[in-house]
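Notes follow once the structure below has been shown.
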Amino acid sequence: MNFLLLNSYETNKIFIDKIEYANFFILTLILFFLVVTIKKRPTKFLDRVETNQLKGIAIIFVVFGHLWVHVCKNNPSIVLSGDAVALFLILSGFGLSMSLTKNPVIKKDFFFKRTKRVMIPYWFATALIFLLDYIFLDRFYSITDTIATSVGINLNSTTQHIDYVRWYITFQLFWYFIFSLAFSMLQQKTGVIVLFAISIILIPLDYYFLKFGWYQLFAFPAGCLIGRYYFQIKDVFIKKKGQMLILSIGGLIFVVLFKIVFFPVLVKIIPYIACKVFKEMASIIFSLSMVAIIAYMGARQYYSKALDILGTYSYEIFLLHGVFLIKYNLIQFKNDYIVLSIQFMTFLCMVLLISFLFKRSYEYIT
């Protein structure tokens, strides 16, 4: 069944004129809307409001990055979707690690309770995408792929491209399992060390043998490390929040320079696996810089309402944005950078509305 009003960018990608201008203009529009929605509200270091805003930042950069990576033939110098994935993983590891401060004993059903929170929206999204793929694209999936993706195993090209983000769900479930196993048998400090050791082993293992395409391997353990030393980090930040802000701004400048100047040089002189490690370290710096900026705003009793809303629905946006951006998009993106910028902001609002309705629907059913 062919729906002429829908645009598919799976194969029909577009070339963007003046793409660096487009990238800058969209980032400026995003920053403008975030700034105009700033309000006053007391927050605590990395509490729900602050972590929600960080999720909001992460989902903006994921969706924005996927515009360049999956819709366009050409890419700008600075694409932050991978760095945003690191931020999501850091927050995930942080949340799990902080849960141990309330209850240091991991019970037998810990893994299943955590997995349930991830999988219920994921199952509803899977059913919706299968239905839409059938209606709009006449597309079916094999029984093997259907079963595999339904249980969160997305290791081949077909399952990973159902919504273009499924690899992350598999990767997150992997870390949930390792976390539950390690922290049920070891002290928290030792468990964090084990997680970092597994990350180091995974880098060559995946690059040379498994080829799952996993990346940001240090981010989840880094989040667990922040959770482990939360109170010490909080005390340091409160005492030196001005210096932390300066460091965070410097960190963001470094990440920009790394992407534009350093990384293109590194790929020419050292093996790519080493470049991958440096790239992931830059993503950690980006994520920690964002944490410090949001925490500084919180210390001044400011927060962005727009980021808070986006963070509230960030998981649903993450699950759904790929198909509505790439497979069946109502927007015919133009190569004019000003028009494209307005179109992208329209799409972001559209996918937020879809995610809001989706969350309300599955919460009502369950």
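The values are calculated or read from the model by the stated rules, or taken from the named source; none is laboratory data. All of these numbers come straight from a predicted model, not from anything done at the bench. Neighbour counts run over all protein chains shown; Cβ positions are idealised from the backbone, glycine included. Please note that ligands, DNA and RNA were not included when accessible areas were found on the heavy atoms of the full protein model with its side chains. Shrake-Rupley method; radii C 1.70, N 1.55, O 1.52, S 1.80 Å.
Some notes on this structure:
- Unmet criterion (only one of (1) crowded, with 18+ Cβ neighbours inside 10 Å; (2) part of a helix (DSSP H, G or I); (3) not basic (Lys, Arg)) for ALA127: (1)
- Of all residues making up the stretch 162-182, the number that are aliphatic (A, V, I, L, M), out of contact with any Ser or Thr (no Cβ under 8 Å at 6 or more places or on another chain) and under 21 Å from ASP133 (Cα atoms): 2
- Single condition ILE293 does not satisfy, out of (1) under 28 Å from LEU257 (Cβ atoms); (2) of a type in the set (A, V, I, L, M, F, W, C); (3) in contact (Cβ under 8 Å) with a residue 60 or more places away in the chain: (3)
- Any chance PHE177 is in contact (Cβ under 8 Å) with a residue 24 or more places away in the chain, open to solvent by less than 70 Å² (accessible area, probe 1.4 Å) and either outside any helix (DSSP H, G or I) or within 29 Å of ILE284 (Cα to Cα) (or both): no
- Test: TYR303 is modelled with pLDDT of 95 or more, part of a helix (DSSP H, G or I) and aromatic (Phe, Trp, Tyr): no
- Restricting the stretch 130-165 to residues that are touching a residue at least 40 places away in the same chain (Cβ under 8 Å) and in a helix (DSSP H, G or I) leaves a set whose member that is least open to solvent (accessible area, probe 1.4 Å) is ASP133.
- Pairs with Cβ under 6 Å, 6+ apart, first in the stretch 203-227 and surrounded by fewer than 22 Cβ atoms within 10 Å (Cβ to Cβ), second of a type in the set (D, E, K, R): PHE212/ASP206; TRP214/ASP206
- Listed by first and then second residue, the pairs with beta-carbon distance under 8 Å, at least 6 apart or on different chains, first residue in the stretch 329-341 and under 14 Å from GLU20 (Cβ atoms) and modelled with pLDDT of 95 or more, second among the basic types (Lys, Arg) and loosely packed, with under 12 Cβ neighbours inside 10 Å, form an empty list.
- Residue in the stretch 304-332 that is nearest to SER361 (Cα to Cα), counting only those that are touching a strand residue (DSSP E or B) at 6+ places or on another chain (Cβ under 6 Å) and open to solvent by 10 Å² or more (accessible area, probe 1.4 Å): LYS305
- Contact annotation: residue pairs with Cβ atoms under 7 Å, 6 or more positions apart or on different chains, pairing a residue in the stretch 1-28 that is at pLDDT below 95 with a partner that is exposed (fewer than 15 other Cβ atoms within 10 Å of the Cβ) and outside any loop (DSSP other than H, G, I, E, B), are MET1/ILE135.
- Helices (runs of 4 or more DSSP H) contained entirely in the stretch 198-288, each with at least 1 residues that are under 16 Å from ALA84 (Cα atoms): 219-228, 241-257
- Every residue from the stretch 334-354 that is among the polar types (S, T, N, Q) and open to solvent by 40 Å² or more (accessible area, probe 1.4 Å): ASN335, THR346
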